[in-house]
Amino acid sequence: MAEIEMRDKIETIGADFFDDPHAHYRRWRERGPVRPVRFPDGVIRWVIVGYAEGRAALADPRLQKDIAKVDALVSAKRGTPPTDPRQLALLTHMLNLDPPDHTRLRKLVGKAFTAHRVARLRPRIEEIAAGLLDALADRDEVDLLREFAVPLPITVICELLGVPLAERGEFHRWTRDLVGVVGRERERTQASLAMAEYLTRLIHTKQAEPQDDLLSSLIRVGDDGDALTENELVAMSFLLLVAGYETTVNLIANGTHALLLHPERISALRADPTAIPDAVEEFLRYDGPVNLSTVRYTTAPITIGDTEIPTGELVYIALAAANHDPARFSAPDTLDPTRTPTTHLAFGHGIHFCLGAPLARLEATIAFTALLQRFPNLRRSRTATVHWQSSTLIRGLLELLVHLR
């Protein structure tokens with residue numbers, strides 16, 4: 001890393017990054033499609049901000065994701081001990097693995113998490129959304145994040161997996177600790193271990209008494225005698241819970257926030273609800289729920305633009321930056337729900353393209369349709385202030401105060 005140690009060549013993620021990452025990305029992009037960046041933990045990682053470069057990197061086999069090797073690299077660069085093996089086991093799921101392990105797990109999970117299973121959820125998602133909005137009917141100012149954007153997807157994913165209703169509040173708290181800013185390792189470790197312990201108990205319950213839910217299906221699924229081990233079941237359940245709920249929470253909240261800043265767009269969508277699925281794609285592009293991709297590492301030197309990244313370096317693709325690249329999108333900083341659907345990178349690209357994308361799209365379409373029709377006077381609260389999560393992974397609000405009446 002000696003060649004990038006000149007201070008004026010290294011970007012920095014500070015506290016101001018989280019409020020407006022796009023201001024940073026615009027500046028970084030002027031200096032090239034990939035930048036060395038010092039993260040809050042002091043470690044320098046490489047961040048790809050160009051669309052073409054990011055899309056190519058997401059499918060580049062020289063950038064790998066084996067979580068054990070990533071952890072070893074991070075520990076060496078920080079000068080800290082490796083991650084607790086129990087926590088690392090929870091993270092050893094298909095999103096953090098390479099072929100052939102990734103291929104095997106994705107095939108097994110795909111047998112249980114089918115398009116038909118997702119499509120069957122529509123009536124229930126509509127029922128949950130209607131019930132949540134019914135509960136708000138007599139109120140004026142509400143935190144729409146807490147009252148609608150959070151409980152809708154967490155109820156859906158917990159019902160899908162077969163997680164008891166009483167446990168859902170714990171999952172929300174654990175997830176917020178897990179996706180928080182780099183450096184809060186103590187909180188992240190505690191949340192990981194608590195979730196792993198709970199999921200192990202839940203899997204044992206499902207093994208003894210299978211039900212008609214996704215977790216029971218994952219336990220039963222097999223391919224030519226292959227099946228998920230208990231550790232794989234725990235890690236996969238963790239991935240589906242976190243990725244299947246936290247991202248959808250922020251898709252709904254961020255999209256609503258964007259609309260409230262552009263009230264004329266609300267009127268147009270209310271008048272033509274058939275346009276909402278395309279609008280969801282624009283919300284994903286404009287201010288999607290994932291800021292930086294999960295981490296990769298170089299297994300060989302890789303040249304991006306005019307920059308060569310050496311072997312053994314940590315690399316992120318800034319999905320949010322790629323989706324605002326003016327070389328790919330016209331007027332990228334403008335919210336335009338009528339924009340012709342484009343190949344945004346909000347769900348990634350390549351073999352790790354988000355398995356839950358159809359469910360997220362379905363939930364968001366139902367959520368926005370129900371919300372805009374139910375509350376024709378929806379508008380920003382007069383007392384609202386905007387604060388964002390301090391997370392390099394998740395782009396999400398801390399609250400969303402609105403007036404409904």
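Using a basic spin-label model with each label point 7 Å from the Cα along Cα→Cβ, how many nm lie between residue 357 and residue 166?
4.0
Given a Förster distance of 41 angstrom, what is the FRET efficiency for residue 27 paired with residue 262, based on the Cβ-Cβ distance and rounded to 0.05? Walk me through the intermediate numbers first.
Numbers: r = 25 Å, r/R0 = 0.60.
With a Förster radius of 41 Å, E is 0.95.
For a test of understanding, tell me how many lysine pairs in region 2-403 have Cα atoms under 30 Å apart, given they are 8 or more places apart or on different chains.
The result is 11.
Mind checking the full-extension length gain between residue 173 and residue 86? Use 0.36 nm per residue of separation minus the Cα-Cα distance, one decimal, nm. If you can, show how the numbers build up before the last one.
Working: separation 87, 0.36 × 87 = 31.32 nm, distance 1.93 nm.
This chain segment gains 29.4 nm when fully extended.
Taking Cα pairs under 8 Å and at least six residues apart, what relative contact order does the chain come out at, in percent?
Values: 621 pairs, mean separation 101.7, N = 405.
Normalised by residue count, the contact order of the chain is 25 percent.
Using only the Cα atoms of region 355-405, build the gyration tensor, take square roots of its eigenvalues as a ≥ b ≥ c, and label the shape rounded, prolate or oblate: rounded if a/c is under 1.5, else prolate if a/b is larger than b/c, else oblate. The partial results should precede the final answer.
Details: a/c = 5.43, a/b = 1.09, b/c = 4.98.
Judged from the Cα gyration tensor, region 355-405 comes out oblate (a/c at least 1.5, b/c at or above a/b).
Kindly provide the helix-only [θ] at 222 nm of the chain, computed as the sum of -39,500 (n - 2.57) over DSSP H runs of four or more divided by all residues, to the nearest 500 deg cm²/dmol? Mind dumping the intermediate values first?
Numbers: 17 runs with 198 residues, N = 405.
Estimated from H runs of four or more residues: -15000 deg cm²/dmol.
Taking the Cβ-Cβ separation of residue 377 and residue 134 as r and a Förster radius of 22 Å, what is the calculated FRET efficiency to the nearest 0.05?
Between residue 377 and residue 134 the formula returns 0.85.
Quick one: among 114, 385, 200, which has the greatest mean-square fluctuation in a GNM of the chain with alpha-carbon springs under 10 angstrom?
With Cα springs under 10 Å in the chain, the top fluctuation among 114, 385, 200 is at 385.
Pick out which of 149, 271, 112 has the largest mean-square fluctuation in a Gaussian network model of the chain, springs linking Cα atoms closer than 10 Å.
Evaluated over the chain, the most mobile residue of the options is 271.
Can you pull the three principal axis extents for the Cα set of the chain, in Å, largest first?
Projected onto its principal axes, the Cα set of the chain covers 61, 54, 36 Å.
Using label points projected 7 Å from each Cα along Cα→Cβ, tell me how many nm separate residue 327 and residue 9, to one decimal.
The answer from the label model is 2.0 nm.
Hey, rough spin-label estimate for residue 122 and residue 334, points 7 angstrom out along Cα→Cβ, what's it come to in nanometres?
Roughly 3.3 nm, to one decimal.
Taken together, the values in this text are just the output of simple stated rules run on the coordinates, not laboratory data. Everything quoted here is computed from the prediction, not taken from an experiment. A quick note on method: Cβ atoms are made from the backbone with ideal geometry, for glycine too, and the neighbour counts reach across all protein chains shown.
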